[in-house]
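The values are calculated or read from the model by the stated rules, or taken from the named source; none is laboratory data. These figures come from a predicted structure and were not determined experimentally. A quick note on method: Cβ atoms are made from the backbone with ideal geometry, for glycine too, and the neighbour counts reach across all protein chains shown. Keep in mind that these areas ignore ligands, DNA and RNA; they rest on the heavy atoms of the full protein, side chains included. Shrake-Rupley method; radii C 1.70, N 1.55, O 1.52, S 1.80 Å.
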Amino acid sequence: MSLDSWLQIDEQRVSRGRIIPYRVRFDLDSRNLTEIYRVYTDNSKIQISSNKLTNLRYYALLASQNIQESPLVFATNYLQNNQKVTIVQSIISLDGKVSQQIRQDVWDSSQTREKILPLHHWLIWQMLRQLSFKIKNYSFLIALALALLVTILLIPTIQVLLDKTILLKLLAIGLMFSLLTYSMQYLLIHQFKAWILQQLLFGFLSYPVNKRKIGLKILSLLG
Amino acid sequence: MNNFLDNITTIEINTVIVEEIVDEIFIPWEVYQAIYYISRSTLEAEEVPPSLHDRYLNLRRELELQYSLLSLDRNSSFYNYLQAAEIRQNLPLLTSPNHHWESLDTRLPEPLLRKGDSQISAIAHLFEERQFVNTLRQLGKIKNNLDWRGHTLRHNPQSILNKTYAQTTISLDGKITNRYAQQILQHRDRSCLLQLHRQSVDATSKQWQELLKFAIAFLLPASKMQKH
C-alpha cells in the first residue's frame, strides 16, 4: 500500500538556495484510517514512493549532521468535522532524546487510544526501517577505471620520455597505473565522498529531490 | 559529523500530555529578544509562577554563555582578543547553575533600537553563526515549553498538562530507570496515562534501532571521511 496520499514531508526555506525538511506528517481521516489499520493488523509492509523515501533519507541525514538541533519530527493529524487536529507528535533526536507529545483529549476517545496512537508509532517504524539501502563499495572499480583512463592518455608521453627497452616502459606504465589506482581510490573515499556529502547536505545536490537522489546514489556506490 | 555514537549512552523517552500540538516556527529575532530581556524583575512583572523563575533565568544564562564562547573562539568573527582574558575569567560563573552570573554585565548586543543600527547589524551578524542560532533554537523550544507550563500552572497548579509526566531512561549497560510526576499517582486516568507511556517506550525502542542502523551503515563511514 502506498503512503503518498497521506504522507507529507513538510519543508521550509532556510536560505535563498536551500529548502530542508522539518517534519513528517501523517494526515489521517476516517477513510484512510480503516485502510491503514487493515495493513497494520495484517502485518504487511507499507510501500513509500521513491521521491518521498529520498526526502525521508535526506531528512534523516540532516538530523544526523545537526544532532542536537534538528531532531526528526513525526506528527499524526486526524481530520474530524472538517478540522485537522494534530493528535500525537514524536520528536526523535539522534543523541537519544525522544519526546512524545499527546493531545489531552486522547484518552476520551477509544478510537484515538486504540487505533490512531498505535498506528502513529507503527507508521514511524515502517518509515524508519526503509531508510537503509544497499551500500555497494565500487570505489575500487571506479578508481581502477579512472586510473586506466589516465594511464592510456599518458602512454604516448611515457614512450617519448622513456627512451628505454619495451620491458622498462611496460614496468613504468604498470607502476604508474598501480600508483594512480591507489591514489584515485584514496581521493574517492577520503575527498570526493566527503565533498559529495557536503553538497548533498548544503550545496547543489541538496534540492530538489532528483538531485538528492543523485547524491544519495553516489554515496551508496562509494561504500 | 559529530561522533554521535561515542556520545550516546542512554535513550531517554519523555511523554507529555499537551493542550494542543502547535507548529512551532522559529524566528531567531523573536526568540533572541524574548530571552535577552529575561530577568528577575520581568519575570515578576509578568507574574510567571515562581517555580519556573530559575528555569527561565537559566535560558538567559545559556544565551550569555554561548555568546561568551563565541567571543573566545579564534575562528569566529566575534573573537575578542582584547577582552578574552576577562571573558575567560567569567566563564565559571556562567557555567555554574547558581545566581552569581546575574551580577555580570551582559556582552550580548541589545535587540531594541535604543543604540541605533550598529546593534541591529551586530545581531544580524550573530545570526550568521550556525552554532549560536542552533543554541537559540533549542532555547526557544525550552522557552515555549516553559510558557505553556506557566500558563497551566496559573490556571490549574495540579494539572499534568504541558509537563513531562513520565520518563524512561534506558542505558547501554541495560539499566532502565522510570520516573513519574507525583500528580499522576493520584490521577483518575493513571492507568491510561501509564499505558500511553509504555506504548511510547516500546515503540521508541524499535524505531530507535532502525534509525541507528541507518546512521551506522550510511553515515559512519562518511563521518570518518570528514574527520580526516
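Averaged over the residues of B:10-21, the number of partner chain Cβ atoms lying within 10 Å of the residue Cβ comes to 6.
Of B:Ile27, B:Ile13, B:Ser71, which is farthest towards the positive pole of the range B:1-92's charge dipole, taken about the Cα centre with +1 and -1 on the beta-carbons of Lys, Arg and Asp, Glu respectively? So the residue we want is B:Ser71. Amide H to amide H distances under 5 Å link A:Gln80 with A:Val85, where only residues 5 or more positions off or on other chains count and H is placed in the peptide plane. Convex hull volume of the Cα atoms of the range A:123-211, normalised per residue: 125 Å³.
If only the Cβ of Lys and Arg carry +1 and only the Cβ of Asp and Glu carry -1, the dipole of chain A around its Cα centre is close to 460 debye.
The mean count of C-beta atoms from other chains within 10 Å of the C-beta of residues in B:201-208, rounded to a whole number, is 6.
Taken as Cα centroids, the range B:35-113 and the range A:102-146 sit 40 Å apart, rounded to the nearest whole angstrom. Computed from the C-beta positions of A:Ser44 and A:Leu141, the FRET efficiency with R₀ = 56 Å rounds to 0.90. Considering only A:Gln199, A:Gln80, A:Gln130, the mean-square fluctuation computed in a Gaussian network model of chain A, springs between alpha carbons under 10 angstrom, is largest for A:Gln80. Compute the Cα gyration tensor for the protein assembly as shown, then decide on rounded, prolate or oblate, letting a ≥ b ≥ c be the square roots of its eigenvalues: rounded whenever a/c is under 1.5, prolate when a/b is larger than b/c in the other cases, and oblate in all that remain. Cα axes put the protein assembly as shown in the oblate bin. The helix-based estimate of mean residue ellipticity at 222 nm for chain B, built from -39,500 (n - 2.57) per DSSP H run of four or more residues and divided by its residue count, is -17000 deg cm²/dmol to the nearest 500.
Taken per residue, the accessible surface of the range B:1-158 reaches 56 Å², heavy atoms only and a 1.4 Å probe. Where the alpha-carbon atoms of chain A are placed on the principal axes, they occupy 90, 39, 29 Å, in descending order.
Rounded to two decimals, the Cα radius of gyration of the range A:102-143 over 2.2 N^0.38 Å is 2.18. Qualifying trypsin sites (Lys or Arg not before Pro) in the range A:82-152, where qualification requires a DSSP coil assignment and no more than 14 other C-beta atoms within 10 Å, comprise A:Lys134, A:Lys136.
Heavy-atom accessible area, probed at 1.4 angstrom with all protein chains present, ranks B:His155, A:His120 as B:His155, A:His120, highest first. Put a dot 7 Å past the Cα of B:Thr95, heading toward its Cβ, do the same for A:Asn82, and the two dots end up 5.9 nm apart.
Measuring only protein heavy atoms, the 1.4 Å probe finds B:Ser103 accessible over about 100 Å². Buried area at the A:B interface is about 4500 square angstrom, summed over both chains, from accessible surfaces computed with a 1.4 angstrom probe.
Magnitude of the charge dipole for the range A:1-110, about its Cα centre and with charges confined to Cβ atoms of Lys, Arg (+1) and Asp, Glu (-1), is about 360 debye. Measure off, as a whole percent, the carbon and sulfur share of the 1.4 Å-probe accessible area of the protein assembly as shown, all protein chains present. Within the protein assembly as shown, the accessible surface is 53 percent carbon and sulfur. Residues in the range A:110-115 carry Karplus couplings, in order, of 5, 4, 5, 5, 8, 10 Hz; the curve used is 6.51 cos²θ - 1.76 cosθ + 1.60 with θ = phi - 60°, and Gly or Pro positions show x. The three principal axes of the C-alpha atoms in chain B carry coordinate ranges of 58, 53, 32 Å, sorted with the longest axis first. Counting only other chain Cβ atoms within 10 Å of each residue's Cβ, the peptide B:155-164 averages 1.
Site pair B:Arg198 and B:Ile120 shows an inter-label distance of 5.8 nm when each label is modelled 7 Å from Cα along Cα→Cβ.
Once a ≥ b ≥ c are taken as the square roots of the eigenvalues of the Cα gyration tensor of the range B:1-90, is the result rounded (a/c under 1.5), prolate (a/b larger than b/c) or oblate (a/b not larger than b/c)? Here the range B:1-90 falls in the oblate category.
Which shape class applies to the range B:52-116: rounded if a/c is under 1.5, otherwise prolate when a/b exceeds b/c and oblate if not, where a ≥ b ≥ c are the square roots of the Cα gyration tensor eigenvalues? Cα axes put the range B:52-116 in the oblate bin.
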